[in-house]
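J.: Input: one structure, supplied below.
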Ligand SMILES: Nc1nc2c(ncn2[C@@H]2O[C@H](COP(=O)(O)OP(=O)(O)O)[C@@H](O)[C@H]2O)c(=O)[nH]1
Ligand SMILES: [Mg+2]
């Protein structure tokens with residue numbers, strides 16, 4: 001997921017992740033920009 005800050009990447013990613021989880025799929029969400037503060041922690045909270 002690529003886009004400007006605040007464009008909805010994380011929101012859309014988690015919507016897709018939840019959709020797939022409802023379909024009994026295993027989901028792994030990975031933060032590619034590790035320079036962003038708390039990038040990994042944010043995804044851990046959402047999914
Ligand atoms: N109206 C509207 N707001 C959205 C949508 N997707 C995300 N947002 C809001 O836009 C803001 C930034 O979203 P975020 O997913 O954190 O963007 P990111 O920086 O690209 O990860 C948040 O306040 C979201 O609630 C959308 O589809 N519609
Ligand atoms: Mg984000």
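J.: Checking residue 15 against (1) at pLDDT 85 or above; (2) surrounded by 13 or more Cβ atoms within 10 Å (Cβ to Cβ); (3) within 9 Å of the chain's Cα centre (by Cα): exactly one of these is not met. Which one?
T.: Among (1) at pLDDT 85 or above; (2) surrounded by 13 or more Cβ atoms within 10 Å (Cβ to Cβ); (3) within 9 Å of the chain's Cα centre (by Cα), residue 15 violates only (2).
J.: While we're on this one: Please go through the range 18-37 and give me each residue that is at pLDDT below 85, within 14 Å of ligand 1 (Cβ to nearest atom) and within 17 Å of residue 1 (Cα to Cα), ordered by number.
T.: Pass one, the range 18-37, residues at pLDDT below 85: 33-37.
If we keep only those that are within 14 Å of ligand 1 (Cβ to nearest atom) too, we end up with 33, 35-37.
Of everything in the range 18-37, those that are at pLDDT below 85, within 14 Å of ligand 1 (Cβ to nearest atom) and within 17 Å of residue 1 (Cα to Cα) turn out to be 33, 35, 36.
J.: Can you tell me how many residues within the range 18-29 are exposed (fewer than 11 other Cβ atoms within 10 Å of the Cβ) and assigned to a helix (DSSP H, G or I)? Break it down stepwise before answering.
T.: Step one: of the range 18-29, the residues exposed (fewer than 11 other Cβ atoms within 10 Å of the Cβ) are 22-26, 28.
Restricting the remaining residues to those that are assigned to a helix (DSSP H, G or I) gives 22.
The number of residues fulfilling the criteria is 1.
J.: Output the residue which, of all residues in the range 30-43 that are assigned to a loop (DSSP other than H, G, I, E, B) and farther than 10 Å from residue 10 by Cα, is nearest to the chain's Cα centre (by Cα). First the steps, then the outcome.
T.: Let us first name the residues in the range 30-43 that are assigned to a loop (DSSP other than H, G, I, E, B), namely 30-38.
Of the ones still in play, those that are also farther than 10 Å from residue 10 by Cα are 30, 32-38.
Values: 30: 7, 32: 10, 33: 12, 34: 13, 35: 16, 36: 13, 37: 14, 38: 12 Å.
Checked the range 30-43; the qualifying residue nearest to the chain's Cα centre (by Cα) is 30.
J.: Taking the range 8-17 as the region of interest, how many residues are in contact (Cβ under 8 Å) with a residue 24 or more places away in the chain and either part of a loop (DSSP other than H, G, I, E, B) or away from ligand 1 (no atom under 12 Å from the Cβ) (or both)?
T.: Going through the range 8-17 one residue at a time, the tally reaches 1.
The values are calculated or read from the model by the stated rules, or taken from the named source; none is laboratory data. Everything quoted here is computed from the prediction, not taken from an experiment. We place every Cβ from the backbone using ideal geometry, glycine too, and count neighbours over all the protein chains shown.
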